[in-house]
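Notes for the one structure printed next.
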Amino acid sequence: MNGFTWDDPELIRRMNEALSHRGPDDLGIFNDGRVTLGHCRLSIIDLSSQGRQPMSNEDGTIWIVYNGEVYNFSQVRSELQERGHRFSSATDTEVIVHAYEEWGPSCVERFNGMWGFALYDLGKGELLLCRDRFGVKPLYYIRGERGLIFSSEIKGLLPTLHNRSPNPRAVYEYLAFGFTDHRRETFFSGVERLMPGERLIYDLKTGIVRLERWYRLEERAGLVDGHRNPVSQLKSLFMDSVQYRLVSDVPVGCCLSGGIDSSAIVYGMRAVSPQSHIKTFSMVFPGQRLDESRFIDTVVQDSEVESYRITPTPDELRQDLLDLVWAQEEPFRSISIYGQYRVMKLAHQNGMKVLLDGQGSDELFAGYFIYFKYYIFECLRKGQWKEAMEASRAIGYNKSDLF
């Protein structure tokens, strides 16, 4: 999705063209002289023309371009229908429009999903940009002399960046500390990202920008049901998450590395949908120490899925390097990104539009060795000596390592 707060048909055409790889199924533009919106659609829910974007409410006073998915849109839609709202499509996009009509910008607090969207409210003369709680979906913008311009990718903004230059601070923090995506600033001077759990409201009359944090993880930490077993709570939430993400009008596949996270997702998909045809996509290195084919084989056999595999080579990396950089847009920390790139390419070649994937479990559950010492330190700080010693023995530490 793209857009800006002025009238320029040629610019929006070029921006849509720059993002056509993200949405090859349809193309749409809205322009009322004050705001221009563009969208390239990847059809996932309601594949009909009723899902075309930009999309509006009944009287054309609210317009939206949207990238993502609201997983609980059916429940929100039912609540809106009870309040008198009428729908002309089966999309989650239209649910966002009517939810905004009913509850204003705070409507996003009712959504379970991932998104980046821009909503134009003609009555208020405002453009609202919003990003999901954890920043799963990207959203970039530039504040310039002509107004505000935004896009799902930095390359969508490049037609307006006549003097392109690197951001020295971002470059330094990447080279010195390996930091990426931690600031509003990007590696491109003048290009900013909307941060996770944020919304931006642009006043078309005054040009004033308001940035608001609508979600704070630190305020949610510790809000658990103390009367339930945490293991059972986690399993219930995990299975709910898998089930929500299988709501689609196109087939849903899964990445499968052989690790605990992606393996659990595949087993979860099979449990939720016992009769479905599931495709998995893996990167393997037969004969090498880091190869996890044996774990992949076990999951494939147990869950009866169709497995596709790829083994990237150094020569292929050299061939793909320019396209990989073009796709990533900014520097990244690990060559594992190329593995993901090839797995996604393999999925695309086999007709898949939607994949589930396990990311972040090692960070959440201290799977990496570097996290162990922090856990042990916390135990010592709290006086939990027995737990510290047992944890140390389990991971091969001895007393001298601790003290």
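Values quoted throughout were computed directly from the atomic coordinates according to the rules given, and no laboratory measurement underlies them. In this text the structure is predicted, and so the values were computed from the model without any measurement. Cβ placement follows ideal geometry from the backbone for every residue including glycine, while neighbour counts extend to all protein chains displayed.
Applying 1/(1 + (r/R0)^6) with R0 = 45 Å to the Cβ-Cβ distance of V272 and M195 gives a FRET efficiency near 0.90.
Rounded to the nearest Å, what's the spacing between the alpha carbon centres of segment 156-197 and segment 375-395? Just the number, please. If you average the Cα positions of each part, the centres end up 40 Å apart. With Cα atoms defining each centre, segment 347-369 and segment 274-345 are spaced 10 Å apart in the structure. Diffusion coefficient (Stokes-Einstein, Kirkwood radius over C-alpha pairs, 4 °C, 1.567 mPa s) for the chain: 55 µm²/s, rounded to a whole number.
Once the C-beta distance of R14 and Q75 is scaled by a Förster radius of 51 Å, the resulting FRET efficiency is 0.85 to the nearest 0.05. With neighbours defined as other Cβ atoms within 10 Å of a residue's Cβ, the residues H85, H98 order from fewest to most as H85, H98. Between S248 and I208, the simple label model (points 7 Å from Cα in the Cβ direction) yields a spacing of 4.3 nm. Potential lengthening of the chain between R83 and E145 amounts to 18.1 nm, from the contour at 0.36 nm per residue minus the alpha-carbon distance.
The value given for segment 155-309 is a Kirkwood hydrodynamic radius of 20.4 Å, derived from the mean inverse Cα-Cα separation. Only helices reaching 24 angstrom along their own axis (Cα) with mean Kyte-Doolittle hydropathy no lower than 1.0 count here, and not one DSSP H run of the chain does.
Ordering I201, L246, L211 by Cα displacement along the dipole of segment 152-286 toward the positive end leaves I201 in first place; charges were set at the Cβ atoms of Lys, Arg (+1) and Asp, Glu (-1). Label-to-label distance, E378 versus Q359, with points set 7 angstrom from Cα along the beta-carbon direction: 2.4 nm.
With a Förster radius of 22 Å applied to the C-beta separation of S56 and D25, the computed FRET efficiency comes to 0.65. Here is the list for segment 86-132: chymotrypsin sites (Phe, Trp or Tyr not before Pro) lying in DSSP coil, each with at most 15 other C-beta atoms within 10 angstrom of its C-beta, are F87.
By the Stokes-Einstein formula, at 1.002 mPa s and 20 °C, segment 227-363 with its Kirkwood radius over alpha-carbon pairs has D equal to 132 µm²/s. Taken over the Cα atoms of segment 2-218, the convex hull encloses 126 Å³ per residue. Helix-only arithmetic for the chain: the sum of -39500 (n - 2.57) across DSSP H runs with n ≥ 4, divided by the residue total, places the mean residue ellipticity at 222 nm at -11000 deg cm²/dmol. If the viscosity is 0.692 mPa s and the temperature 37 °C, what Stokes-Einstein diffusion coefficient in µm²/s follows for segment 322-403 when Rh is the Kirkwood radius over Cα pairs? Answer, rounded: 202 µm²/s.
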